[in-house]
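Here's the structure we're looking at; comments come further down.
The values are calculated or read from the model by the stated rules, or taken from the named source; none is laboratory data. Here the structure is a predicted model, which means the values were calculated and not measured. All Cβ positions, even for glycine, are placed from backbone atoms using ideal geometry, and neighbour counts span all protein chains on display. Please note that ligands, DNA and RNA were not included when accessible areas were found on the heavy atoms of the full protein model with its side chains. Shrake-Rupley method; radii C 1.70, N 1.55, O 1.52, S 1.80 Å.
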Amino acid sequence: MAIEKVGVVGCGLMGSGITQVCAQAGCSVLMREVSPELVEKGLRGIEKNLARMVEKGTLSAAERERALTRLLGTTRLDELKDCDLVIEAIVEQLPAKRELFSSLDSICGPQTIFASNTSSISITEMASATKRPGRFLGLHFFNPVPVMKLVEVIRTIATDAAVFDEMVEFGKRLGKTPVCTSDRPGFIVNRLLVPYLLDAVRALEEGVASIVDVDQSMKLGCGHPMGPLTLLDFVGLDTTYYIANVMFDEFKERRFAPPPLLKRMVLAGWNGRKAGRGFYDYSDPKNPKPIEL
Ligand SMILES: NC(=O)c1ccc[n+]([C@@H]2O[C@H](COP(=O)([O-])OP(=O)(O)OC[C@H]3O[C@@H](n4cnc5c(N)ncnc54)[C@H](O)[C@@H]3O)[C@@H](O)[C@H]2O)c1
């Protein structure tokens, strides 16, 4: 089955990037957000991003125009009924995702493939809210989606082999390198990355070093493109906190337990770049300043 029409649900950090790469790959994309304002904001963000790519010379003006003609936004879930594939990128909360997939299951035809971009939630638990576990899997993209080359393709014990193979091919069509993994919290990347990020917060909490020195150390000492606390601000502290909790619930290992400082920052709404404040203050976005703790 050729994937022609893709529905993307949620147009935040990840959904906007997923919408964009699907349109660039030649699919017609219908993006759904919860309010007209968020639909508008999402589409404007994608337009800006495509324009920036044209300025940088990584996309031609004609390619940008073609991608834009393939993009539509809606607040109505039922408009996704004839999509070949629906990719979900809403908040990282199981009840919200289950409710969404259960509604989509009654709206979409039996052929529609459902994929979640979750970072940590069990794909099987979401699939069980539908009557199509064979046509359900994870497609885990990375931020910023138009730039990052990886997509983790996640199979549950119930995912049809043909559907899985088709989604691996779809990942390639988006210009990504797919890796195959199974439905265990964190999959490959977050299984390894999240304990590292949490350890950076613990090091800060224990007074090992300052925010800037923790980040500099991993950049200059290990060749990472950015330090762990800057990366946490990019990913979102709320998202990381939620992922850590899911992984801790599953594995009951200390390395997955969110440190108290992370919890306090999330409770204060200091969720990173998107909130204007995390480990750095983004009042001047080009010149972030480490916060005082
Ligand atoms: N942030 C990352 O680096 C990253 C990386 C990979 C995967 N993810 C996963 O992607 C998902 C989205 O994360 P994000 O960082 O884009 O979050 P975000 O908070 O930036 O965006 C979520 C968006 O979903 C919308 N939304 C909520 N419920 C909705 C619904 N029922 N229908 C339509 N839209 C709805 C919200 O209005 C919001 O705009 C999460 O599952 C997260 O774990 C995040």
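Quick rundown of the values:
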| read-out | value |
| --- | --- |
| Rg and Dmax of the chain, Cα atoms only, in Å | 19.2, 56 |
| Inter-site label distance for Arg254 and Lys289 at 7 Å from Cα along Cβ, in nm | 3.7 nm |
| Relative contact order (%) - the chain, alpha-carbon pairs under 8 angstrom, separation at least six | 13 percent |
| Stokes-Einstein D (µm²/s) once Rh is taken as the Kirkwood radius of segment 201-293 over alpha-carbon pairs, at 20 °C in 1.002 mPa s | 158 µm²/s |
| Positive minus negative residues near Cys11 (Lys, Arg vs Asp, Glu; Cβ under 9 Å) | +1 |
| Under 18 Å from the Asp78 label point (7 Å along Cα→beta-carbon), backbone N, segment 95-126 | 100-110 |
| Among beta bridges that DSSP assigns inside the chain, antiparallel share in %, nearest 5 | 20 percent |
| Dipole moment magnitude, nearest 20 debye, segment 92-140 about Cα centre, only Lys, Arg, Asp, Glu C-beta charged | 160 debye |
| Label-point separation, Leu267 to Lys41 (7 Å along Cα→Cβ), nm | 2.6 nm |
| Overall Cα dimensions of segment 61-186 - principal axes, largest extent first, Å | 43, 32, 27 |
| Label-zone membership for segment 153-196, site Ala62, 7 angstrom Cα→C-beta point, backbone N under 11 Å | none |
| Separation of alpha-carbon centers, segment 274-293 and segment 100-167, rounded to whole Å | 34 Å |
| Size of electric dipole in the chain: Cβ of Lys, Arg +1 and of Asp, Glu -1, about Cα centre, debye, nearest 20 | 300 debye |
| Angle between the chain longest axis and helix 161-173 axis [Cα atoms, degrees, rounded to 10] | 70 degrees |
| Å³ per residue enclosed by the Cα convex hull of segment 1-146 | 95 Å³ |
| Solvent-accessible heavy-atom area per residue, rounded to whole Å², over segment 1-65 at 1.4 Å | 47 Å² |
| Crossing angle, helix 94-107 versus the chain [Cα axis fit, 0-90 degrees, rounded to tens] | 10 degrees |
| Tail beyond 15 Å, pair distance distribution of segment 239-293 (Cα, percent) | 52 percent |
| Inter-probe distance in nm under a simple model that places probes 7 Å from Cα toward Cβ, at Val54 and Arg173 | 2.5 nm |
| Angle in degrees between helix 36-56 and the longest Cα principal axis of the chain, rounded to the nearest 10 | 80 degrees |
| Segment 65-196, relative contact order [Cα under 8 Å, separation at least 6], % | 20 percent |
| Relative contact order [Cα under 8 Å, 6+ residues apart], segment 121-204, whole percent | 27 percent |
| Area accessible to solvent at Ile90, 1.4 Å probe radius, in Å² | 50 Å² |
| Loop-resident sites, segment 150-242, for GluC sites (Glu not before Pro), counting at most 14 other Cβ within 10 Å (DSSP) | Glu206 |
| Selection of trypsin sites (Lys or Arg not before Pro), segment 1-108, meeting DSSP coil and at most 11 other Cβ within 10 Å | Arg76 |
| Charged-residue dipole, Cβ positions (Lys, Arg, Asp, Glu), segment 45-162 about Cα centre, Debye nearest 20 | 180 debye |
